[in-house]
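J.: Encoded as structure tokens, here's the structure I'll be asking about.
The values are calculated or read from the model by the stated rules, or taken from the named source; none is laboratory data. Just so it is clear, the model here is predicted, and its values are computed rather than measured. When we count neighbours, we look across all protein chains shown, and the Cβ atoms used for this are built from the backbone with ideal geometry, even at glycine.
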């Protein structure tokens, strides 16, 4: 029987980082992970970065819909088409606005019999836990039915802040185990059981924020990327993209973190969709993005 692990969490919490970690570690011990990624805008960018740890034929990107509602049928069909492997495990990364309760409820219906019931892992950025303003309800919802909660950005908080965040998480989901990435037990994850927690429903349509993307030209420097990220409206919750820099052959990947800082690192290969700027959240509008880019050029 093959385990299905769904990774959920708020935008920028560290889901893709956890996914890369799990993919790499499972491959190293001889397992064959199949990865499914979901995003509103261009999941192919994140999928291409995983090819450093994973054979591209074992990665599937789903974008343009939300897998907990409009995209659930496509997700279920994708999972059912995954071939049987000797040491298989399926890892699904949901987009950062997914209704985690609806996802785990709907995904488990109609799967092929060689799959175990899906189990959910939540990634929680403790440095921003329940500091999302009007989005606190969504962030809390995303841990309600998780069997395991992985804390990230621990080094950015004090011991007291970590303790308070942990206690707050335990009040919402007292049955979940809580750990961090360095203490994850790979062999225990496939043995996790789905939770039987009672959940509080949310109006998920409230979290279906706008999203958009624009093409990027060759940019002069990393400083231009940093300026671009800083000029984008703060209401935009997720900023990421890839582009080429002047006099550099290789592409770079960039993202604006929740605290406003801009992270830039090498991109794996050449993006199949070309250079892009992607945003998710209120204020995401291609005209707004283009006008800000035009101010820099």
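J.: Given the range 1-89, what helices (runs of 4 or more DSSP H) lie entirely inside it while holding 2 or more residues that are over 24 Å from residue 142 (Cα atoms) and modelled with pLDDT under 90?
T.: 44-49
J.: Another question about this same structure. Working carefully through the options 274, 241, find the one that is touching a strand residue (DSSP E or B) at 6+ places or on another chain (Cβ under 8 Å), exposed (fewer than 15 other Cβ atoms within 10 Å of the Cβ) and either at pLDDT below 95 or in a loop (DSSP other than H, G, I, E, B) (or both).
T.: 274
J.: Considering only residues of the range 244-271 that are touching a residue at least 60 places away in the same chain (Cβ under 8 Å) and part of a strand (DSSP E or B), which is nearest to residue 55 (Cα to Cα)?
T.: Taking the candidates together, the pick is 253.
Yes or no, residue by residue, for (1) without any contact (Cβ under 8 Å) to a residue 24 or more places away in the chain; (2) assigned by TED's automatic domain parsing to the domain that holds residue 33; (3) more than 18 Å from the chain's Cα centre (by Cα); (4) under 22 Å from residue 13 (Cβ atoms):
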site	(1), (2), (3), (4)
83	yes, yes, yes, no
87	no, yes, yes, no
101	no, yes, no, yes
107	no, yes, no, yes
110	no, yes, yes, no
113	yes, yes, yes, no
119	no, yes, no, yes
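J.: Same structure again: Of (1) at positive phi; (2) buried (at least 21 other Cβ atoms within 10 Å of the Cβ), residue 110 satisfies all except one. Which?
T.: Of everything listed in (1) at positive phi; (2) buried (at least 21 other Cβ atoms within 10 Å of the Cβ), residue 110 misses just condition (2).
J.: So, residue 86, is that one under 21 Å from residue 25 (Cα atoms) and buried (at least 24 other Cβ atoms within 10 Å of the Cβ) or not?
T.: no
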